[in-house]
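Visitor: I have a structure I would like to understand better, so I am pasting it below and will then ask my questions one at a time.
Nothing in this text is a laboratory measurement; each read-out follows from the coordinates by a stated rule. The shown structure was predicted, so the numbers you read here are calculated from the model rather than taken from an experiment. Using ideal geometry, Cβ is built from the backbone for each residue, glycine included, and neighbour counts are taken over all protein chains shown.
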Amino acid sequence: MIKLTFCLRRKKGLSYEEFHDYWLNNHAPLVRTQMKALQIRKYVQCHQINDPEFNEGIGRSRHAPPAYDGIAELWYDSVDAVVENGRYDATKEAGRILLEDERNFIDLENSPLWFNDEHVIIEEGEV
């Protein structure tokens, strides 16, 4: 399995609440409608906790840049599967549909994304 990690910054003019509401209640159901065409095996949204003081404290301690508004994680079978699937018109259309919707709430130019391998260091229940 490989994972696509997408670090989201909200589009200018959207409040924290508007961004997270749209992402969860509009975009997530749209992703679900396209999951088969895109061969998405798992989709997780990680929403930033709406407590600026809490979040900024840990960032300041590390001299970190501003936090992302959230992170989307999407799992796929393999690099080869993503490449092969990308050749189909249905996949291209599904990608176009999602990108069009992402323009409604994501600052795409400031929201990096990349494919990655996950290395679990501590398993749930291990402690």
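Visitor: Whose amide H sits under 5 Å from the amide H of Ile106, counting only residues 5 or more places off or on another chain, with H placed in the peptide plane?
Guide: Answer set, sorted by chain and number: Lys11.
Visitor: Okay, moving on. Please check: in the Gaussian network model of the chain (C-alpha springs, under 10 Å), which one of Asp51, Asp107, Asp89 has the largest mean-square fluctuation.
Guide: Looking only at Asp51, Asp107, Asp89, the largest GNM fluctuation is found for Asp51.
Visitor: On to the next question. Go through region 95-110 residue by residue and turn each phi into a ³J(HN,Hα) via Karplus (6.51, -1.76, 1.60, θ = phi - 60°); whole Hz please, and just put x for glycine and proline.
Guide: Each residue's phi maps through the Karplus curve to give x, 5, 4, 5, 4, 4, 6, 4, 5, 6, 9, 10, 7, 4, 5, 10 Hz.
Visitor: Per DSSP H run of at least 4 residues, take -39500 (n - 2.57); add these up for the chain, divide by its residues and hand me the 222 nm value, nearest 500 deg cm²/dmol. Could you put the intermediate results ahead of the total?
Guide: On the way: 5 runs with 49 residues, N = 127.
It lands at -11000 deg cm²/dmol.
Visitor: Defining a contact as two alpha carbons under 8 Å apart and six or more residues distant in sequence, what relative contact order in percent does the chain show?
Guide: Once normalised by length, the contact order is 50 percent.
Visitor: Right, next: Return P(r) of the chain (all Cα-Cα pairs; 10 Å bins starting at 0; whole %; ordered from short to long distances).
Guide: 11, 38, 34, 15, 2
Visitor: Among Lys11, Lys36, which comes first, second and so on when ranked by fewest other beta-carbon atoms within 10 Å?
Guide: Values: Lys11 19, Lys36 11.
Sorted ascending by nearby Cβ count, the order is Lys36, Lys11.
Visitor: Quick one: angle between helix 52-61 and the longest Cα principal axis of the chain, in degrees between 0 and 90, rounded to 10, please.
Guide: That helix lies at roughly 90 degrees to the long axis.
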